[in-house]
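Okay, structure first, notes after.
The values are calculated or read from the model by the stated rules, or taken from the named source; none is laboratory data. Keep in mind it's a predicted model, so treat the numbers as computed, not measured. Heads up, the Cβs are rebuilt from the backbone with ideal geometry, glycines too, and the neighbour counts pull from every protein chain shown. With ligands, DNA and RNA removed, areas are computed over all heavy atoms of the protein, side chains included. Shrake-Rupley method; radii C 1.70, N 1.55, O 1.52, S 1.80 Å.
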Amino acid sequence: MASASDLGIVKERLAAARSITILTGAGISADSGVPTFRGTDGLWKNFRAEDLATPEAFERDPRLVWEWYSWRRELIATKQPNDAHKAIAELERSCPDFWLITQNVDGLHREAGSRKLSEIHGNIWTVRCTACGMIANNRDVPIAILPSCARCGSLLRPHIVWFGESLFTDDLDCCSRALTRCDVLLVIGTSGIVYPAAGFTSVAKEAGAFVAEINLDPTPQSVLVDISLHGHAKDLVPLLLKPI
Ligand code: OAD
Ligand code: ZN
């Protein structure tokens with residue numbers, strides 16, 4: 001449980017901050033009903049994300065990978081942003097120096113109204129052509145398996161950063177700027193084990209930020225942060241971000 005005094009300390013730091021950065025992971029969307037990757041409901045047909053979200057898996061069996069994404073698209077299409085997503089979108093409007101970094105591909109931050117954000121792993125509603133590279137929005141639910149490019153007819157893939165692939169350069173630049181200039185970093189609902197995001201806490205700490213973690217459970221990052229608040233993102237985030 002998050003103690004009232006820890007909550008108070010983080011609230012005060014946020015109120016005094018000139019620049020705020022937030023990093024989110026699957027835990028923030030768990031409260032909207034989207035399964036996390038490493039929780040008990042995170043498996044699909046006994047595959048882990050690491051088995052499917054790779055270029056090798058797509059090359060070997062694009063149908064299987066698309067079936068997984070199609071299942072996730074159908075599930076996410078029924079979900080709404082929760083109070084934590086909404087509180088973050090509201091903070092963006094009141095804090096002039098703000099940046100949101102999310103590992104989530106579900107698009108729920110955008111749906112809640114966030115615009116100053118880097119979706120560092122991409123967005124499940126975006127596709128990319130494996131031949132000509134064209135990037136397009138695609139909200140089809142269900143999506144055709146295997147979908148083809150409107151321009152050249154070749155196979156499309158999800159426009160998502162898979163294991164073994166590098167983040168998009170623009171996103172990396174935005175993230176490192178936001179992490180090194182913020183006074184406060186909030187790390188919400190991430191297991192903190194997938195790089196490069198797992199290294200973001202240290203980057204912000206080394207640059208002098210106060211870092212608070214919001215998670216149901218302790219994580220490998222807990223020893224690095226200034227305060228860990230344990231509880232549901234949908235309860236704690238609105239409490240923290242409400243003006244004092
Ligand atoms: P994980 O599934 O690894 O971790 C989710 C974290 O959220 C865990 O630490 C949970 O304890 C916490 N959590 C669960 N429910 C919560 C709640 N209601 N409130 C607060 N915290 C809660 O998800 P990520 O850390 O986001 O990459 O995973 C990182 C990346 O690994 C993902 O972006 C994805 C995955 O493979 C790709 O798909 C490329
Ligand atoms: Zn094409």
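Taken about its Cα centre, segment 134-244 carries a charge dipole of about 320 debye when Lys and Arg each add +1 at the Cβ and Asp and Glu each add -1 at the Cβ.
Since only 134, 147, 109 are under comparison, the one whose Cα sits farthest along the positive direction of the charge dipole of segment 95-152, derived from C-beta charges on Lys, Arg, Asp and Glu, is 134.
Computed on segment 1-106, the Cα convex hull volume stands at 130 Å³ per residue.
Checked against a 29 Å cut-off, the cross-linked pairs 45/86; 45/116; 11/116; 45/205 give Cα-Cα distances beyond that limit for 45/86; 45/116; 45/205. Ellipsoid fit via the Cα gyration tensor, segment 67-176: semi-axes of 27, 18, 11 Å, each the root of five times an eigenvalue, largest first. Among residues other than residue 131 with Cβ under 13 Å from its Cβ, the summed charge is +3 (Lys and Arg +1, Asp and Glu -1). For the pair segment 66-114 and segment 174-244, the centres of their Cα atoms are 17 angstrom apart.
Built from the Cα atoms of segment 72-120, the convex hull projects on average onto 3.3 nm², one quarter of its surface area.
A straight Cα-to-Cα reach below 13 Å connects residue 234 with the aspartates and glutamates 31, 83, residues fewer than 8 places away in its own chain not being considered. For residue 75 and residue 217, the difference between the fully extended length at 0.36 nm per residue and the C-alpha to C-alpha distance is 48.6 nm.
Could you check how many percent of all C-alpha pairs in the chain are farther apart than 28 Å? Result for the distance tail: 31 percent. For the pair residue 116 and residue 38, label points projected 7 Å from Cα toward Cβ lie 3.0 nm apart. Accessible area per residue for the chain is 47 Å², calculated with a 1.4 Å probe on protein heavy atoms, without ligands, DNA or RNA.
Full extension of the segment from residue 93 to residue 154, taken as 0.36 nm per residue of separation minus the current Cα-Cα distance, would add 17.8 nm.
Applying 0.36 nm per residue to the separation of residue 207 and residue 135 and subtracting their alpha-carbon distance, the gain on full extension is 22.4 nm.
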